[in-house]
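Take a look at the structure set out below.
A short reminder: the numbers here are calculations on the coordinates, not readings from a lab. For clarity, every value in this text was computed on a predicted model and none was experimentally measured. Counting neighbours? That spans all protein chains shown, and the Cβs are built from the backbone with ideal geometry, glycine included.
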Amino acid sequence: MRLLAEIRNYMGNYHLKSGIYHYYRSEFMPAIAFLRKALAEDAEMAEAERKSARRFLTLCHKGLAERLETGGEIDRGIEELDRAIDLSPDYPDLHYRKGQFLERVARREEATAAYRRAIDCQANYLDARVALGFCLLAAGSEKAAGTAFKQALGLKLEHARRPFRRAVAFLEDGDIDSARDQFEDTFLGQPRLAEEYLRKALDWIRAEKYAEALVELDRALELSPKYPDIHNYRGIVLCDLKRADEAVVSFRRSAALSPVHLIPKLNLAFALLRAEAHDEAEAELESVLELEPGEPVAIAKLAELRGEGSDRKGAVAKGISR
């Protein structure tokens, strides 16, 4: 997920801010250099910022790996994925992508292991189970492939049945809007096509063509209305278009769909400030601190809003009266 640009100004670590800036511009090598410095050089960096640095460094290695793979440098791409996995070994997408790269160079035994690792990290990872089945089939392991495909089918059917059951329950309770939402999730969701629209939107965002990006994001949401990243990006684009009230709605939806993630909640707080809803913004920042008590951006912004001084490091160390 992406932060609003002004939020970076409230991060105390220069190297972290610079790394995130370059990451959002897909400038992975300078981003990696800055983020490594952030992790290596600043012993006083708040734990929340250290987590952010590791997360963005992981994403940089993943992004660089995918760029190398697109350019045909698959072995170097695998090396970058290994660096990302060293940082975030429980991130299932890294193992899944590594499996795909390994298959491209006919290293099927290693690819099989990578897909299995992705499934170990996330048992309901349908794409990884399907990829495992095809990889085993290509390797001549027909029996194991059959087992993998049976497990994938069971998971795919359960993915459809779960929202369908909820839809029927809502329908019986007379909650038509919720029922419609669940029926759409059952029958209309097309996550892969939605990902393609999201990629197009990100290209428009990098080109600062925000109206065009909004069109692609709306197309993506028609296919995957419960994809929190799309709502978050939509909020960012709406902020760039000076439509703060609409941005608030998008960030609120993203936060509701991903309640343990801080980024949409921070974005929501800053969008509420743009919309001059200061009390709601403070409440949202407070909720961020409930999830992550030492979160430096929330602490610094609350201190600013409450006129509690400009000594940011002191505020982070002591916390804020809540």
When the charge dipole of the chain is computed with +1 on Lys and Arg Cβ and -1 on Asp and Glu Cβ about the Cα centre, the Cα farthest towards its positive end, among 94, 278, 74, belongs to 74
Taking max minus min of the Cα coordinates of region 31-107 on each principal axis, largest first, gives extents in Å of 46, 22, 13
With the dipole of the chain defined by +1 on each Lys or Arg Cβ and -1 on each Asp or Glu Cβ, the option from 254, 154, 13 whose Cα lies farthest towards the positive pole is 154
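Taking N as the number of residues in region 214-256, what is its alpha-carbon radius of gyration divided by 2.2 N^0.38 Å?
Values: Rg = 9.2 Å, N = 43, 2.2 N^0.38 = 9.2 Å.
Compared with the compact-globule rule of thumb, region 214-256 sits at 1.01.
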Correct semi-axes for region 137-195, from √(5λ) of the alpha-carbon gyration tensor and rounded to whole Å with the largest first, are 33, 14, 4
Dividing the mean separation of Cα pairs under 8 Å (6+ apart) by the residue count of the chain yields a relative contact order in percent of 13 percent
Binned at 5 Å from zero, the C-alpha pair distances of region 5-151 give percents of 2, 11, 18, 17, 15, 12, 10, 7, 5, 3, 1, 0
Diffusion coefficient in µm²/s returned for region 191-318 by Stokes-Einstein, Kirkwood Rh over C-alpha pairs, 20 °C and 1.002 mPa s, is 141 µm²/s
Debye calc, one equal point scatterer per Cα of region 137-264, no solvent, log10 I(q)/I(0) at q = 0.10, 0.21, 0.22, 0.23 1/Å comes to -0.44, -1.14, -1.19, -1.24
Of the listed links 62/150; 226/265; 98/200, those spanning more than 27 angstrom between alpha carbons are 62/150
Relative contact order of region 191-318 (C-alpha contacts under 8 Å, at least 6 apart) in percent is 14 percent
About its Cα centre, region 191-318 carries a charge dipole, from +1 on Lys and Arg Cβ atoms and -1 on Asp and Glu Cβ atoms, whose size in debye to the nearest 20 is 300 debye
Computed about the Cα centre, the charge dipole of the chain from +1 Lys/Arg and -1 Asp/Glu charges at the Cβ has a magnitude in debye, to the nearest 20, of 720 debye
Hydrodynamic radius by Kirkwood for region 75-214, inverse mean 1/r across distinct Cα pairs, in Å, is 17.5 Å
Its Cα gyration tensor gives the chain an equivalent ellipsoid whose semi-axes in whole Å, largest first, are 35, 27, 18
With the 8 Å Cα cutoff and a minimum separation of six or more residues, region 30-182 has a relative contact order in percent of 12 percent
Given Cβ charges of +1 for Lys and Arg and -1 for Asp and Glu, the option among 293, 167, 52 whose Cα lies farthest towards the positive end of the dipole of the chain is 52
